[in-house]
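Visitor: Take this structure, written in structure tokens, and hold onto it; I'll ask about it next.
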Amino acid sequence: MKKGVMLAAFYVAALSVFGQCKEWLWSEGERKAQEQEKVTLYQDAMNNKQYKQALPPLNWLLRNNPKLNTSIYINGADIFDKVASAETDPAKKRMYVDSLLLIHDLRIANCGEEANVTNRKALMAAKYYANENGKEAYVLELMDRAFELNGNNIIDGTIIPYMQTIKINKLKLKKLTDDEVLNRYDKVMSIIDAKVKLASSKGNADQVNRYRTMREEVDKILLSMVTVNCDFVRNKLGPKFRQNPSDISTAKKIFAFMLQDKCADDPLWLEAAEAIHKEEKDYGLAKNLGIRYLVMENYTKASQMFKEALELAPTNSDKADILIYQGAIEAKIGSKPAARELFRQALAADASKKEAYEKIGDLYYQSFNDCKKEQNMADDRLVYLAAYDMYARAGESKKMAMAKEQFPSKEEIFLVNYQAGQTIRVGCWINETTTIRTRD
């Protein structure tokens, strides 16, 4: 195919945009019949996957009636893509790709829709030219323009190619600074967040999960071209965030990067996480903050976060997890009855959470000093029998053995006329029945 037949010769025909080319704008008389014939010819060739044969009638239409209908551009882009993909001769392939990109320019000039068409042109440029010598910066510029025009409406499939294009320009051309990379990353993450929010509002869980996976991939690409460790975050992002704590975009970067580099115990991470949670209430974030404060023995903050997490918990299983953490706080501060009640609530929410039985067993095991009357060892050791029962329900064999070592001896139950197998109530705050057993 001669260069004169290609689209470069047609670009001058695109002068202004009169409409969106949604309706068929046929010429009059004999020219209309010609146009209809060319449409039939290129569509038949396309349907038969004879894409090169489709080019002459398609090019005639683009040259003679560029405002005929938007379909000639949609189908034309598909045809040039197919031809370019199949071409093995490098020079010809480049010619077809250039025509593929130009057909998007013609569509914009004649039919409008600049944002959408620029997005599609950028995707095609990335497909063929992202890593081609001399074309890398052009593709990045085109991608930047697509994101500028479309914002949150960018086609989902553009996000990862954009990050890959940034990586090529950063590592291969070495012309992008870390700040320039991070600014683009920030834009991408903001768009993904908006898409997650929209999908969540529609109850589309599959789409939400897909965006979260996309977010993880974006993070991986970023970390492959920029060294973002905890020191980087403290020195580069920390001052920026503390100057403007409402900057959620920066807070999210701090949160993700410090978590990645395993320094989530840093006060900066906690500040960023709380800022995010304040703006965007989230069960998982509230839960993780509660756990972090629990480890730090800041029980007031931990309680606050777990309370919010409980209100946000999406499932009974999630509610049970939070109730167990709340019970752990009560146990830490010595409120054993309150802790047990929370562990029981966890089991009521989700009976599969056997860990709650273990926690109750721990409370009983640790109650010897609280409940002993020092009148006889048989009665004082009943707490270990109750603990054993809970450990058994949890399936904790090691702790069962530990509790059994503290059972009363045969001699101790003999001295108070108890019989092995006898049902007896454990007093004190425990107030439960158990069965007399001995350690020997």
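Visitor: Select from the stretch 421-440 the residues that are aliphatic (A, V, I, L, M) and over 13 Å from LYS410 (Cβ atoms) and write down the one among them that is farthest from the chain's Cα centre (by Cα).
Guide: So the residue we want is ILE424.
Visitor: Where the second residue is among the acidic types (Asp, Glu) and part of a helix (DSSP H, G or I) and the first is farther than 18 Å from GLN419 by Cβ and lies in the stretch 372-397, which pairs have Cβ atoms under 6 Å and are six or more apart or on separate chains?
Guide: Matching pairs, first to second residue: LYS372/ASP380; ALA394/GLU358; GLU396/GLU358.
Visitor: If you don't mind, there's one more thing I want to ask. If we keep just the residues of the stretch 118-155 that are farther than 20 Å from SER85 by Cβ and of a type in the set (A, V, I, L, M), which is farthest from the chain's Cα centre (by Cα)?
Guide: Among those residues, the one meeting the criterion is ALA137.
Visitor: Looking for whichever is part of a helix (DSSP H, G or I) and surrounded by fewer than 16 Cβ atoms within 10 Å (Cβ to Cβ) here; the options are LEU198, LEU182. Which one fits?
Guide: So the residue among LEU198, LEU182 that is part of a helix (DSSP H, G or I) and surrounded by fewer than 16 Cβ atoms within 10 Å (Cβ to Cβ) is LEU198.
Visitor: So how many residues does the stretch 148-179 have that are outside any helix (DSSP H, G or I), of a type in the set (A, V, I, L, M) and either touching a strand residue (DSSP E or B) at 6+ places or on another chain (Cβ under 6 Å) or over 15 Å from LEU222 (Cα atoms) (or both)?
Guide: Of the residues in the stretch 148-179, 2 are outside any helix (DSSP H, G or I), of a type in the set (A, V, I, L, M) and either touching a strand residue (DSSP E or B) at 6+ places or on another chain (Cβ under 6 Å) or over 15 Å from LEU222 (Cα atoms) (or both).
Visitor: Mind checking whether some residue in the stretch 207-215 is more than 15 Å from LEU140 (Cβ to Cβ), touching a residue at least 60 places away in the same chain (Cβ under 8 Å) and not small (Gly, Ala, Ser)?
Guide: No, the conditions are met nowhere in the stretch 207-215.
Visitor: Given the criterion within 15 Å of the chain's Cα centre (by Cα) and surrounded by 13 or more Cβ atoms within 10 Å (Cβ to Cβ), identify the matching residue among ASN204, ASN169.
Guide: ASN204
Visitor: Suppose we filter the stretch 224-248 for residues that are outside any loop (DSSP other than H, G, I, E, B) and not acidic (Asp, Glu); how many remain?
Guide: Here the count works out to 14.
Visitor: Go through the stretch 342-357 and count every residue that is assigned to a helix (DSSP H, G or I) and surrounded by fewer than 19 Cβ atoms within 10 Å (Cβ to Cβ).
Guide: Counting residues in the stretch 342-357 that are assigned to a helix (DSSP H, G or I) and surrounded by fewer than 19 Cβ atoms within 10 Å (Cβ to Cβ) gives 4.
Visitor: So which of ALA339, ALA328, ALA302 is closer than 27 Å to CYS263 by Cα, crowded, with 18+ Cβ neighbours inside 10 Å and in contact with a Gly (Cβ under 6 Å, 6 or more places away or on another chain)?
Guide: On inspection, the qualifying residue turns out to be ALA302.
Visitor: Hey, ALA251 hits all of (1) assigned to a helix (DSSP H, G or I); (2) over 19 Å from the mean Cα position of the chain (by Cα) but one; which does it fall short on?
Guide: Condition (2) is where ALA251 drops out.
Visitor: Next up: Do we have PHE257 as surrounded by fewer than 21 Cβ atoms within 10 Å (Cβ to Cβ), modelled with pLDDT under 90, hydrophobic (A, V, I, L, M, F, W, C) and assigned to a helix (DSSP H, G or I) here?
Guide: No; evaluated as a whole, the condition is false for this residue.
Visitor: Could you list, in sequence order, the residues of the stretch 380-399 that are out of contact with any Pro (no Cβ under 9 Å at 6 or more places or on another chain) and more than 14 Å from LEU363 (Cα to Cα)?
Guide: ALA392, ARG393, GLY395, GLU396, SER397, LYS398
Visitor: (1) under 21 Å from ALA126 (Cβ atoms); (2) of a type in the set (Gly, Ala, Ser); (3) not in a helix (DSSP H, G or I): which one isn't true of SER27, the others all being true?
Guide: That leaves (1) as the condition not met.
Visitor: Here is a further query. Being aliphatic (A, V, I, L, M), in the same structural domain as ALA302 (by TED's automatic domain parsing) and touching a Phe, Trp or Tyr at 6+ places or on another chain (Cβ under 7 Å) narrows it down to one of ILE333, ILE360, ILE436, ILE430, so name that one.
Guide: ILE333
Visitor: Could you grab me the full set of residues in the stretch 317-341 that are closer than 14 Å to GLY290 by Cβ and out of contact with any Lys or Arg (no Cβ under 9 Å at 6 or more places or on another chain)?
Guide: Once the filter is applied, which keeps residues that are closer than 14 Å to GLY290 by Cβ and out of contact with any Lys or Arg (no Cβ under 9 Å at 6 or more places or on another chain), the stretch 317-341 yields LYS319, ILE329, LYS332.
Visitor: Please state which of the following conditions ILE413 fails to meet, knowing it meets all the rest: (1) assigned to a helix (DSSP H, G or I); (2) under 21 Å from ALA331 (Cβ atoms); (3) out of contact with any Leu (no Cβ under 6 Å at 6 or more places or on another chain).
Guide: Among (1) assigned to a helix (DSSP H, G or I); (2) under 21 Å from ALA331 (Cβ atoms); (3) out of contact with any Leu (no Cβ under 6 Å at 6 or more places or on another chain), the lone unmet condition for ILE413 is (2).
Visitor: Which one of the conditions (1) buried (at least 18 other Cβ atoms within 10 Å of the Cβ); (2) among the basic types (Lys, Arg); (3) assigned to a loop (DSSP other than H, G, I, E, B) does LYS281 fail to meet, given that it meets all the rest?
Guide: Evaluating LYS281 over (1) buried (at least 18 other Cβ atoms within 10 Å of the Cβ); (2) among the basic types (Lys, Arg); (3) assigned to a loop (DSSP other than H, G, I, E, B) leaves (1) as the failure.
Visitor: Let me ask something additional. What number of residues within the stretch 70-94 are β-branched (Val, Ile, Thr), touching a helix residue (DSSP H, G or I) at 6+ places or on another chain (Cβ under 6 Å) and outside any helix (DSSP H, G or I)?
Guide: Qualifying residue count for the region: 1.
Visitor: Just the residues that are more than 9 Å from TYR283 (Cβ to Cβ) and either within 21 Å of the chain's Cα centre (by Cα) or not aliphatic (A, V, I, L, M) (or both), please, taken from the stretch 312-325.
Guide: Selection gives THR315, ASN316, SER317, LYS319, ASP321, TYR325.
Visitor: Which count do you get for residues in the stretch 178-201 that are of a type outside the set (A, V, I, L, M) and modelled with pLDDT of 90 or more?
Guide: 5
Visitor: So if I check each of ASP389, ASP370, ASP362, which one is surrounded by fewer than 16 Cβ atoms within 10 Å (Cβ to Cβ), outside any loop (DSSP other than H, G, I, E, B) and at negative phi?
Guide: ASP370
Visitor: Against the condition without any contact (Cβ under 8 Å) to a residue 12 or more places away in the chain, out of contact with any Cys (no Cβ under 7 Å at 6 or more places or on another chain), within 20 Å of MET296 (Cβ to Cβ) and surrounded by fewer than 19 Cβ atoms within 10 Å (Cβ to Cβ), how does PRO239 come out, does it pass?
Guide: When the stated conditions are applied, PRO239 does not pass them.
The values are calculated or read from the model by the stated rules, or taken from the named source; none is laboratory data. As the structure is a computational prediction, the values presented were derived from the model and not from experiment. Cβ atoms come from the backbone with ideal geometry, glycine included; neighbour counts cover every protein chain shown.
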